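Reviewing the structure listed below.
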Amino acid sequence: MTLASSVFSVTPSSPERLRRLPTTARPIVNADDILVPEGYRVEAVLVGLSMPTTLTFGPDGTLFIAEGGSTWPTRPTLPPRLLTLSPEGELDVFATEDLAGVRGMSVRDGMLYASAKGGYFSRLVRYDLQTRERTLILETMPNGGWHEPAGPIFGPDGLMYFGQGSVTLQGVNGPADFTVDIAKHPRAHDIPGQDVILTGANDWSRDPTAPYPFLTETGPFKPYGSRAEKGEVVKGELWCNSAVWRAKPDGSEVELLAWGIRNPWGLTFDEEGDLYVADLCMEEKDPRPVGQDPSKVWRVKNARKPHGTVETPEWFGFPEIAGDGLPVWHEKHHPRRGPVAQPLIENPSPWAGPAVYLNDPHTGNGKIEYCGYDGFGRRGKLFLCQFGTYWPLNSLRDEHQNNGFNVVAIDPGTGEAENFMRNRVPGPASAHPGQGGLERPVDCAFSPDGRSMYVLDFGVNAANKRNVVAYAHTGVLWRVTRL
């Protein structure tokens, strides 16, 4: 496969070209429109990427970048590609994935490990860096719905850590799900990590699969159209969702560490061996809307235990507890539209919070990376990409309109965050004609020499009251370097 000419490396002679890009959705890329602290410089490295989702470095300085392709429907169809950028600046296509694209990657012992979404189950795969031979490690993470697989990353114990987000938005499948993955996977549903007893609460909705506007009931941990009964027991499973696991690099000896994490999209370890997980807020939309749920970063304490000794997974609250520790039916979380959420679980497990960091609702947490380098500065901080809100689709509150679209540096000891990388004008650059800064930061990684942080920008992903639209060839790779 040849590399599309729409993706090109930025050179010192490129600034004028970056102000006349052929993509009308993002015609300008301009690092001068981005603010970073004094002593740092921002520059564009690559432009023209299509829905990029994650990046990682190899030990030789090769940068691997994943594109989501037509996971976000495009015309014409775009393949979900794995690209490489060599230390000399050479760009190449390393591989392509079928179904949906890669969501996370790590390089270890001459192999590229990756998670990918697709079908009723997400999968982990391994590529030999020399031969590019692809091996399926496992395909057992229950999916088929809204959210993503996470990782894999490798801990200080040499084990592989990975996760899977929930099928549902707020714990119950609904009609809106048929606009995305549930249309292709109608039997998909959430699975708990521990036995739960149901309250019998169900959500009434218009059945989009029926020829007439019939109403139907749907309960938690059920496919759409299946009701829950009071006192019904749903058995917990090792392969649940909204979960984080660990295993040996070959996928054996899997251990469930935590569940109840709505979308454990970003995973990172610090130098002490603590595992941090970035999680997304619940949304103020049907079914079971939840208002003012903050996005968050969790610390998974079970990750400090020796492999094979975790008897009880930690439960971080989804779908019953908001990020602040309050139940989703608390008056603070009453929605502005739709009914107040009702309890779904009679016997909730002890809550594993509080969060290490809470940010504003609908900030849209992306990936997270620990800084272990003196050369870049801010060693010991967690750098969190804040993808940005989907206002007014997921919230009608005006104060959420510009939340996110930045990168923050978090002190995990205090929970305080510095707005490290942001646009001069709040919100995505495309919302302000003439601006060429950030759109939606999705992932970041530090170069092997520890002096630069590379920030992957998903590109233009515009929301309105009915849907979101992602535009191909608008993704950008930025580099932040300490002077």
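Among the residues of the stretch 201-233, those identified as part of a strand (DSSP E or B) and either more than 22 Å from ASP177 (Cα to Cα) or among the charged types (D, E, K, R) (or both) are ASP203, ARG206, GLU217, VAL233. VAL196 meets each of the listed conditions (1) touching a strand residue (DSSP E or B) at 6+ places or on another chain (Cβ under 8 Å); (2) farther than 24 Å from GLU255 by Cβ; (3) buried (at least 22 other Cβ atoms within 10 Å of the Cβ) apart from (2). Scanning the stretch 382-394 for residues that are of a type outside the set (Phe, Trp, Tyr), buried (at least 23 other Cβ atoms within 10 Å of the Cβ) and out of contact with any His (no Cβ under 6 Å at 6 or more places or on another chain) yields a total of 5.
When the criteria are applied in full, SER430 fails the requirement of being in contact with a Lys or Arg (Cβ under 9 Å, 6 or more places away or on another chain) and farther than 23 Å from LEU21 by Cα. Restrict the check to the stretch 327-337 and report whether at least one residue is modelled with pLDDT under 95, surrounded by fewer than 20 Cβ atoms within 10 Å (Cβ to Cβ) and over 20 Å from ASN302 (Cβ atoms). The answer is yes; a qualifying residue exists. Output the qualifying pairs, or none if there are none: Cβ atoms under 6 angstrom, residues six or more apart or on different chains, first residue in the stretch 301-313 and surrounded by 11 or more Cβ atoms within 10 Å (Cβ to Cβ), second residue among the small types (Gly, Ala, Ser). Close Cβ pairs satisfying both conditions: PRO313/GLY193; PRO313/ALA258. Of all residues in the stretch 157-194, those satisfying the criterion of being in contact with a helix residue (DSSP H, G or I) (Cβ under 9 Å, 6 or more places away or on another chain) and of a type in the set (S, T, N, Q) are THR168, ASN173. Taking ASP128 as the residue in question, decide whether it is of a type in the set (D, E, K, R) and buried (at least 24 other Cβ atoms within 10 Å of the Cβ). No.
Annotation note: Cβ proximity below 6 Å between a residue of the stretch 206-226 that is farther than 25 Å from PRO192 by Cα and a residue that is of a type in the set (D, E, K, R) and surrounded by 15 or more Cβ atoms within 10 Å (Cβ to Cβ) (sequence gap 6+ or interchain) occurs for PHE214/ASP207.
Yes or no, residue by residue, for (1) of a type in the set (A, V, I, L, M, F, W, C); (2) buried (at least 16 other Cβ atoms within 10 Å of the Cβ); (3) over 26 Å from GLY219 (Cβ atoms):
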| residue | (1), (2), (3) |
| --- | --- |
| ASN143 | no, yes, no |
| PHE154 | yes, yes, yes |
| GLY158 | no, no, yes |
| VAL172 | yes, yes, no |
| ILE182 | yes, yes, no |
| ASP190 | no, yes, no |
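When the stretch 338-381 is limited to residues that are touching a helix residue (DSSP H, G or I) at 6+ places or on another chain (Cβ under 9 Å) and either crowded, with 21+ Cβ neighbours inside 10 Å or charged (D, E, K, R) (or both), the one that is farthest from GLY163 (Cα to Cα) turns out to be ALA341. Filtered by the rule that a residue be over 14 Å from ASP457 (Cα atoms), assigned to a loop (DSSP other than H, G, I, E, B) and within 23 Å of the chain's Cα centre (by Cα), the stretch 26-61 gives a lone residue, GLY58.
Of all residues in the stretch 384-440, those satisfying the criterion of being of a type in the set (A, V, I, L, M, F, W, C), over 22 Å from LEU49 (Cα atoms) and touching a strand residue (DSSP E or B) at 6+ places or on another chain (Cβ under 7 Å) are TRP391, LEU393, VAL408, ALA409, ILE410, ALA417, PHE420. On inspection, PRO192 passes the criterion of being within 19 Å of HIS147 (Cβ to Cβ) and at pLDDT 95 or above.
Among the residues of the stretch 247-269 satisfying the criterion of being in a loop (DSSP other than H, G, I, E, B) and surrounded by 22 or more Cβ atoms within 10 Å (Cβ to Cβ), which is farthest from the chain's Cα centre (by Cα)? Ranking the qualifying residues of the stretch 247-269, first place goes to GLY260.
The values are calculated or read from the model by the stated rules, or taken from the named source; none is laboratory data. Model, not experiment: these values are computed from the prediction. Neighbour counts run over all protein chains shown; Cβ positions are idealised from the backbone, glycine included.
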